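**Q** Below you will find the structure I want to go over with you.
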Amino acid sequence: MRNLIIFLRRYFNFFLFLLLEVICLVLVFQNNDFQKTAYLNSANNISARLYERYNNVEYYFHLKATNDSLVKENARLHNMLRTSFDTVILDNIVKSDTIRQYSTDTTRKVISTAVRRYLYKAAKVVNNSVNSPINYITIHRGSADGIRPNMGVVGPSGVVGIVRSVNEHYAVIISLLSKGRNFGTSARLNHSKEMGMVRWHGGEAGYATMEDVPKGVHLVKGDTVVTSGYSAFFPENIPIGYVESTEEVDKASTSVNVRIRLATNFYNLQYVYVIDNLLQDEQKSLEDSTYKLIKQ
């Protein structure tokens, strides 16, 4: 207590000066419109900057929740895409704009309905490799979530790979970055509609090759290479990559290889969408039975 009294006596004049200074400033700002306006503007600017920094800090700590909600919303939007449905025609009138179509007359008869073919399920990536001859991605989704082998997998930007093995809570995806003739994706040039197979031959994780493209096709640099829809794994028109340059196989060949820049950045893959082709078993069963009949 004695030290506090000594401190106040020593700096009494300084504290009195500060008090009088504050009183003077208050009187000036209260009785002069110009100074009052200037003070309010400065105070508002300072408060706005403080609130902005506070909000930025708060937003940073909520990024995970924000990401999770965006991934769920993207999955919902994917499931609403027109390419996720097959149109079944119930009459000789073809319409395919919405999930269900009605006649334009007064009867309002159902003339076509869209049957869901693809269902998208969001999943978190928990492990990922990019430097091996055959690369794998592990996701935190398994058989308990309806994930099965041979399901296609896409990311926010394009094709990622195909589910290889599954247990109750996890699944392993064989990445598009896998070497070998057994690994490839049926593809189509968006501009010219020419078909080919996209394969990765090692090297850079950001590039692959579209093979068996007819030599006479007009290639446009930057043209999008998309899924053809002929595979049971992926719907059509999902980006795979973008045309970079032509790689001639040999002069006698009637086809060329096209170097493409992959749409998916495999280095920072965090979320993916597993595609459940609900009609895959039905299609495969019919094709297998047809092949057996041909062989007989």
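The values are calculated or read from the model by the stated rules, or taken from the named source; none is laboratory data. No experiment lies behind these values; they were computed from the predicted model shown. So basically every Cβ, Gly included, is an ideal-geometry build from the backbone, and we count neighbours across all protein chains shown. Accessible surface areas use protein heavy atoms only, side chains included; no ligands, DNA or RNA. Shrake-Rupley method; radii C 1.70, N 1.55, O 1.52, S 1.80 Å.
Residue-by-condition table, conditions (1) surrounded by fewer than 23 Cβ atoms within 10 Å (Cβ to Cβ); (2) part of a strand (DSSP E or B):
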residue: Ile137; (1), (2): no, yes
residue: Arg148; (1), (2): yes, no
residue: Ile162; (1), (2): yes, yes
residue: Ser165; (1), (2): yes, yes
residue: Leu176; (1), (2): no, yes
residue: Ser192; (1), (2): yes, no
residue: Gly196; (1), (2): no, yes
residue: Met210; (1), (2): no, yes
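**Q** Run Leu219 past the list (1) in a loop (DSSP other than H, G, I, E, B); (2) open to solvent by less than 30 Å² (accessible area, probe 1.4 Å); (3) of a type in the set (A, V, I, L, M) and report the number of the one that doesn't hold.
**A** Every condition holds for Leu219 apart from (2).
**Q** Looking only at region 243-296, count every residue that is over 17 Å from the mean Cα position of the chain (by Cα) and outside any strand (DSSP E or B) and tell me the total.
**A** 25
**Q** Check region 238-260 and report whether any residue there is surrounded by fewer than 18 Cβ atoms within 10 Å (Cβ to Cβ) and of a type in the set (Phe, Trp, Tyr).
**A** Yes, region 238-260 contains a residue that is surrounded by fewer than 18 Cβ atoms within 10 Å (Cβ to Cβ) and of a type in the set (Phe, Trp, Tyr).
**Q** Do we have Ala187 as surrounded by 18 or more Cβ atoms within 10 Å (Cβ to Cβ) and at pLDDT 90 or above here?
**A** yes
**Q** With the requirement that a residue be without any contact (Cβ under 8 Å) to a residue 40 or more places away in the chain and part of a strand (DSSP E or B), what does region 123-135 give you?
**A** Across region 123-135, the qualifying residue is only Asn127.
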